1. Can you tell me the length gained on complete extension of the stretch A:ALA30 to A:ASP211, counting 0.36 nm per residue apart and subtracting the Cα distance?
2. What is the average number of partner chain Cβ atoms found within 10 Å of a Cβ in D:130-143?
3. Would you look at the GNM of chain B, springs on alpha carbons closer than 10 Å, and say which of B:VAL186, B:VAL317, B:VAL276 moves the most?
4. Anyone know which of C:ALA93, C:ALA72, C:ALA64 comes out most mobile in the 10 Å Cα GNM of chain C?
5. Among residues other than B:MET223 whose Cβ falls under 11 Å from its Cβ, what is the net charge (Lys/Arg +1, Asp/Glu -1)?
6. When Cβ neighbours within 10 Å are restricted to other protein chains, what is their mean count per residue of peptide B:34-44?
7. What's the total accessible area buried between chains D and A, using a 1.4 Å probe, rounded to the nearest 100 Å²?
8. At a 1.4 Å probe, what is the % contribution of carbon and sulfur to the accessible area of the protein assembly as shown?
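The values are calculated or read from the model by the stated rules, or taken from the named source; none is laboratory data. The structure displayed is predicted, hence computed values, not measured ones. FYI the Cβ positions are ideal-geometry reconstructions off the backbone, even for glycines, and counts take in every protein chain you see. Ligands, DNA and RNA are excluded from the accessible area calculation, which covers all protein heavy atoms including side chains. Shrake-Rupley method; radii C 1.70, N 1.55, O 1.52, S 1.80 Å.
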Amino acid sequence: MSKYILELKNITKTFPGVKALDNVNFQLKAGEIHALMGENGAGKSTFIKVITGVHQPNGGEIYLNGEKINIKNPNDSKDLGIAAIYQHATSYPHLSVTENIFMGHEKIDSSTKRILWEDMHKAAEKHLQELGAEFDPRRRMSTLSVAQQQIVEIAKAISTNAEIIIMDEPTASLTKTESEDLYRITEKLQKIGTSIIFISHRFEDMYRLADRVTVLRDSQYIGTWGVNEVSNKDLIKAMVGREINQLFPKTEKEIGQEIMRVENLNRKGFFKDISFSLKEGEILAITGLVGAGRTELCESLFGLAEYDSGKIYFENQEVKINEVRDAMKLGIGYLPEDRQEQGLILDWELDKNITLTALDKISKNGWINRKKEKSIAKKLAEKVNVKARSIFDLAKQLSGGNQQKVVVAKLLTSDLKVIILDEPTKGVDVGAKSQIFEIMSDLAAQGYAIIMVSSEMPEVLGMGDRILVMRNGEITAKMNVEEADQEKILEAAMKEKK
Amino acid sequence: MSEKSSENKMSLERIQQIREFSLIGFIVILSIFVQFRNSNFLTMSNIDDLLTNTAILSILAVGMMMVIITRGIDLSIGANLALSGMLTSMLVARYPGLHPIAALLLGTLIGLISGSIIGLLVAKFKILPIIATLGMMNVFRGVTFLISGGKWVSAYQMSDSFKAISTGSIFGINNLILIAVIIYIVFYYFINYTRTGRKIYAVGSSPDSAKVSGIDVTKITWMVYSIMGSLAGLSGVLWVSKFASAQSNTAAGYELNVIAACVIGGISIAGGEGKVTGLISGVLLYGILENALPMINVSPFWQNAIQGAVILIAVIVSALIKRRIGSSNKIRRED
Amino acid sequence: QSGKYALVVKSAGNPFMEKVRDGFSDAINEVGGEVIYKAPAEPTVEAQIIMIEQLITQRVDAIAISANDPDALQPALQKAMNRGIKVLSLDSAVNPQSRMVHVNQADPEQIGRVQIQGIAEMIGYEGQIAVLSATSQATNQNLWIDWMKKELEKPEYDNMELVKVAYGDDLRDKSVSETEALLKSYPNLKGIIAPTTVGIAAAGKVLTDRDLAGEVYLTGLGLPSEMAEYIKNGVCPWMYLWNPIDLGYLAGQTAEALVKEDITGAVGESFTAGDLGQKEVIKAGDGTEIMLGAPFKFDADNIDEWKDVY
Amino acid sequence: MGNNFDNEVALNREIRAEKEFNLKDFFFQWEWLLLLIFIAIHIMNAQLSPYYLNTYTLLDATMTFLDKAFIALSMTFVIIFGDIDISVGSTVALSSVIMAVLYNAGLSMPLAIGVCLLVGITAGFINGILIVKFKELSAVIITLSTMILYRGIAYIILEDQASGGFPMWFNFLGWGYIKTLIPFILIVFVVAAVIFYLLLHKTTFGRKVYAIGNNDVASLFSGVKVDKMKIIVFTLNGFMAALAALFLTSKMGSTRPNIASGYELDVIAMVVLGGVSTSGGKGKMIGVLLSIFIIGFLRYGLGLVNVPSQVILIIIGALLIFSVMVSNLLYGNKSD
Ligand SMILES: Nc1ncnc2c1ncn2[C@@H]1O[C@H](COP(=O)(O)OP(=O)(O)OP(=O)(O)O)[C@@H](O)[C@H]1O
Ligand SMILES: Nc1ncnc2c1ncn2[C@@H]1O[C@H](COP(=O)(O)OP(=O)(O)OP(=O)(O)O)[C@@H](O)[C@H]1O
Ligand SMILES: [Mg+2]
Ligand SMILES: [Mg+2]
C-alpha cells in the first residue's frame, strides 16, 4: 500500500531545556540501507530512540507499512519487528554472551516455559559465527573487548528476526577489517529483505553501504538524497552548515629533540618488546587491529598499569612511571579511549571537569580559588571550542563530540610535553573531527609531542608523522608517513607470526 | 581455535565454580577442625539441628539474594518477620483452631503486603533501598510494639498444631528443612529457568540497558521486594512456631546475619551477580559457625571476634582465588 | 499532694516490665501523682541516659530506674539528684553512688542459692548441671551465678558438677543452639539452670521437642506465661520469679516516701509501703536497699492462675 | 541548545562563566526543605511541651545526640564515595574499652585519650586498606566483618566487666558547660562541623572526594590518587568514631564492650536524610548538619512529652521515607 515500510512525520522531541528533534521527517523504503548523518548532538540517537519507544515524541506521527502506529515502549517496537543497536552499549556485563543476545526473547520450552539454555548457546554460537566472531557464547560479557561487545550487540539485533534494524554508530569502535565484516553482514541482511537505518560519522560507511542518506542538523531535518546523487562537499555542508576545506590540517612545524624513549617495554599478557622514540612536535600514530594492545601500552605509559620490564627515558633520563601522578609530573597527558567512563564526570559541570586534572593550579594550600577556576575553565573551553551555553553546563548534556573536546581541554590545563590520545575521534562528527585535528596540529606546532592511537587509516595517514603498527602486543612495523600507504599498514597489522 | 573457545568456555562458569569449591573447601576444613574438638559435631543429630536452625536464615537469604542482585538491600526483614510472626501468633492465640497452613499463608500474606510497600517505595518512588528499608524497619518494629502492647505470645497460648509446623517432620526430615529445600528448588528454577528470573539479573547488571531493551525495571524491582517480604512473613510464622514465643523484638538485627550469609555466598553487593549454589555454601558456612562455636568450648567472649575473622578470611580468600583465575585467564588469551 | 514520678525500664515490649509499671502506677495513683513511663526501644544505656535528661528537663520529682548498666548512668543520675530529683533503682540496680536506695526484688544470694537447691532436688543431688545465662556481661545474672557456685561448694552437692556456663544473649535462636550444644557436648547432663526469661523458655522448648522431660530437668527464673507450657509438661517442674506488680508497687511507695522526705535512703529508716506494710532500709554493699521478699516459686499447682497475669 | 547558534560564526564562541542567579534553582534545593522541617519541628515541640522553648533545654538537648553526630561528619565523606562504613559503632566500643583498660592499668589520662584516638585511626586505616586492596569486595562486606571483629576484640579485652573511674576532669567532655550555659560538646562539634564543611566544599580534598564518588575511573585517569584518598577518609572516619567514643565514655563515666551498638544505622540515617546519596557523588554538609539537628531535636522533643519510644521509632522512620519521597517528587529523580 505504501512504498515506505517506515515513515515518520513531523517528529518533535524536547528534553527539559533542549529541543532535540524539531519537526523531523523520515522515510525508509523496504529493503534499503538508509544512512542517517549529522553533527554530534544533531539528534540522531534521539530520533532512533523515538522509533524504538525509549523516548516518547512530543509531536508527530509514525507509520509502519502505511499504518499509523503508537510505540509506547521498547517492547512495542520489538513486537513490531524493529531492533536497534544503540550507540552506548546496552549490555549486561555480569551475564554471559548468550544471555545478552537473548535477554527478553529467550528460547523457551513452549509448554513448561522453561529456558532452554543449550539451544540458546548453540543459536548464539551460530549468530556469532555468522558475524565472523570466534569467542564462546558462555563467556561473561565484561571479559570481552569493546569490539567484541559491539558484535554481540549486532547478534542481539539479528536474533530477534527484525524487519527493521537500526544501527547507531556500530563502526565507531571497529577497525577496518571488522568494519568489513559488518558491511558483509549488513548486506546479507539487506539481501534477505531487512530494512536498515545506519548512523555513522564515517563517510566510508555511507558510501560503501547506503542507498540513501538523510541529514539532520541542529535537531532539524535538512534533506534526503540518493548516495550517488550528492557530492561529498555538499553533504558536509548540509551536515555542518559550513564548508570544511581541510579535514587534516597539518601545519608546518619543526620536529625537535627527542623527548621520550621507550626501550623493550613488556607487560605480560598485553604487550612485549615495545621500543620507540618520540620527538618534540612530532605526531606518532599507533595503529593496528582492535586487541593489538595499544590501549594497554598507553595505560602503562601513563602509570595506570604497571609494566613488568623495560625502560622509559624522558628527556634522556631514565624514569619509572608507577602511578598517574608520576606521568603527570613528567608532563605526560592522556586522553582515554572511553570518554564517558574514563574521561569525564558526567554529572559535573564543565568547569569542574576541566580543572580536575589541575587542582594544584587553582588552589593554594589546598584551598580552591573559584574565581581562578572559572577563568581557567572558560579559557580552555573556548580554546577547544566547546559548543555549550556556559561552563556550568553538565558534561552529560553535551553531545559526544563536544564531550571529547572537554576531555581535550582537561589535558591542556597541565604543562604538558607529551600528549597521548587514544582514539580521539571515535564517534566524533566531521566538523568536530576537523577541529580536534586542528587542535592537534596546533599543539604539535607548539612543540608538544603527540602519540595518537587510531584505527582509522585516513587519520593515521593524514595526521601522523611517523607510524607504528601493532599486532598482538608487538610492533610489527615502523615507518615514516611518506613511505606509508594503506596496504603496507594493513599487511603489518594482520601479519601472521609464528 | 576450538581449543581456545573451549578454554574460554570455562571462564564464566569456572570462576564461579572454583569460588564455590574454595568455600566448600573452607567449610570442610572448618568441619574437620570442629569435629576434632568435639566428636559430636558430625553426628546425624547435630547435622539435623544445624540444618533446622539454619533453615529460616536460608529462606531469608534467598529473598535477600534477589534483592541484592538488583543492587538493593533490605534492612527491614527482621522487623517484617517480627510483625508477621506477632500478628499470626496473636491470631493463633485467639483462634486456636486455625489451620497451620492457614497460619503460614496468613504470615506470608502479611509479609507480602509489607514487602510490597517497600517495593512501591523503591520501585515507584525511587527511594534508595537502604533508606526505604531503614525507615520501614522502624515503622514495622514500632507497629509490632504497638499492636502487641508490650506483651508476648507464649507457648501455652499456641495450639499444638501450630507449634508442630516447625517440630513436625515428613519422612524423618524436619518440616523447616523441608520447607527450605522446597523454596530452594522453586527459586533455583525460577532464577535460572524463567524469563522473569533472568530479568532480575538484567536489572541488576545494568538498569539502563534493561530499560532500553524493554524490561519493566519498576515491576521487577517491586516484585523482588515483594518476594523478599513474603519470605520474611513466612519466616515469621516459622520463627514463632519454632521458638513457641512471639516477642516484639524478635529477630532484631537478624538482617545483618542474612546479609553476611549472602556476601559469604558470593552475592555481590554491587548487583548483577550471585548464584543459588553459591548462596547455599554461604548459608552453610554461616550456619556451621553458629552451631560449632558453642560446641568447641571457646570462651563466649571470643565468639564475636572469631566470627568476624572467619567471615573476613572467607571473603578475602575467595576474592583472591577469583582474582587468580581472572588474571591467568587474561594471560591465556595472549597465545 | 501530687507530683511527677518517672519509671524508666530496660526496654520496651517486655511483659515483666509492663506489670512493674502497673504496680508502680497503683502506688502513685493512691496519692494522685502522675506517672511517666519510659521504655527505650533497644535495651541500651545510651537511650536511658537521654531519657534521664528529658526527665530532668521536665522537672519530675522522682526517677525509678531498672538500669541497663550499673555504672554508666552515674553521671546522668547524679545530675538528676543534684537538681533535687529523688533517684531509686529497682530490679536491676545502679551503683550506690547513682541512687538513694535500691528496691530489691530478692536477695541475689538467695536467688542464686535457691536455684541450685531446686535443681539439686530435681536431679536427686547427683549429676552434671549447666547454666544457660543471658549475655556474658549481664551483671544480675553474673552475680547470681557466683552465688550458685558458692552454694555448690557445700558438701551435699559433692556429686553434682557444674560443667558449663553458656550464654544465649537473650536471643531465641542463640539460646536454642546453646541449649542444643549443651545436650550434645554433655550427654550425661541432668539439669539446666536458666536464670533469664528468654533462655529458660528456649531451653524449655528444646527439652520439650526432644522429649527429655524426666531426663534433663530445667529450672531458673522465667515468666509464668512463657513457662506455663513447660511447667505443665514436666520439663521444668518448678521455677522462680518475684511478683512484678508488687515490685512496681513497692518502688512507687518508696519513690513517694523519698519525695515526701519520709526517708532519705539511709540505713535503718523505715516507712509504710501501702498494702505491703512496714519496710525497712537495709545495708547492701556500699549502698542501701529495700527488700521485697523471697522469690516466688511457680509450679504446676499455681501456674494457671499466674500465666495470664504476666 | 536549539537553533540559536549561528553556525557560520560558531568558531571561538564565547562561553559564559558567570552563573545566572535563578530564583527557582536557588530555592529548589533539598536543604531548604530540611530547613522547613527543622523549623516545623521546633514549632511542634514548643506547642507540645512547655519546657521546650528555653535556652537551657535547647542547648542541653544537643548533648543527647552530638556524640554520634561527630561520626556523621566523616561518614558524609564515606557515603559521598558511594561506600559505607558500618563498623563505626564497634570502633567506638573498641577505642573506648582500650582507653579505659589502659587508664586503669596506670597510663595517664591524656595518654589514654591519645591511645583511644590512635585505636580509632588504626581501625579506620585497616578498613581503608582492606577496601583498597580488595576492591571487588565492596565496603559493606568489609566493614560488616570488621564490625563483628572490632567488637569481638573489645569483648576479649574487657569480657563482662565495666571499666571506669576516670579523673573528674574527663567528666567535663560529656557533661561540662562553658559559662554554665553552652555545652562543651556543642562547641567542639561546631568547630568540627566548620572544619568538615570547609574541607568538603572549599578544598581540593573535598573536590577529589566528590570526583571519586561520581566516577572513580575518570578520577584515576585525571591523576587523583583514589586509593590514598579512600584510605585517608576511612581513617578519618575511624578517628571521628574515636572522638565520639571520648564523649560517650565521658557521658557514661565508664565503658563496656557493648556500648554504641546500633550507632552505625543512626549515623547513616543522619547522613542520608541530609541528602547524601548512598550511590555516591552527591550531597552537602549543610544538609547533613540540618538533618543531625532535625533527628536530634525531634527525638528529644517527643521524648520530652513522653511519647512512647515505639511511636518515636515510627515517626522517625516515616520522616526518613517521607522527606526523601518529597524530594524525589519535587526535584525529580536524576537518574530518570
Ligand atoms: N535524555 C536526555 N536528556 C536531555 N537532553 C538529551 C537527552 N538525550 C539527548 N539529549 C540532547 O539532545 C540533543 C541530541 O542528542 P543525540 O544524542 O540525539 O545526538 P546525536 O545526533 O546522536 O549525536 P552524536 O553523534 O554525538 O551521537 C543533544 O543536545 C543532547 O544533549
Ligand atoms: N576482556 C579481556 N579479557 C582478557 N584479555 C583482554 C581483554 N581485553 C583485552 N585483553 C587483552 O588486552 C589486549 C589489548 O586489548 P584492546 O582491545 O584494549 O587493545 P587495543 O589495541 O587498545 O584495541 P582498541 O582498538 O579497542 O583500542 C588484548 O590482546 C588482550 O590480550
Ligand atoms: Mg548519537
Ligand atoms: Mg584501545
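1. On the way: separation 181, 0.36 × 181 = 65.16 nm, distance 1.15 nm.
Value of the extension gain: 64.0 nm.
2. Working: counts 3, 0, 0, 3, 6, 2, 10, 9, 5, 1, 8, 13, 5, 0.
Average neighbour count from other chains, rounded to a whole number: 5.
3. B:VAL186
4. C:ALA72
5. Counting the neighbours of B:MET223, the net charge comes to +1.
6. On the way: counts 0, 0, 0, 0, 3, 2, 6, 3, 0, 1, 0.
Partner-chain Cβ atoms within 10 Å, mean over residues of B:34-44: 1.
7. Details: alone 17630 and 22740 Å², together 36390 Å².
Summing both chains' loss of accessible area gives about 4000 Å².
8. Numbers: 29760 of 54310 Å².
The computed percentage sits at 55.
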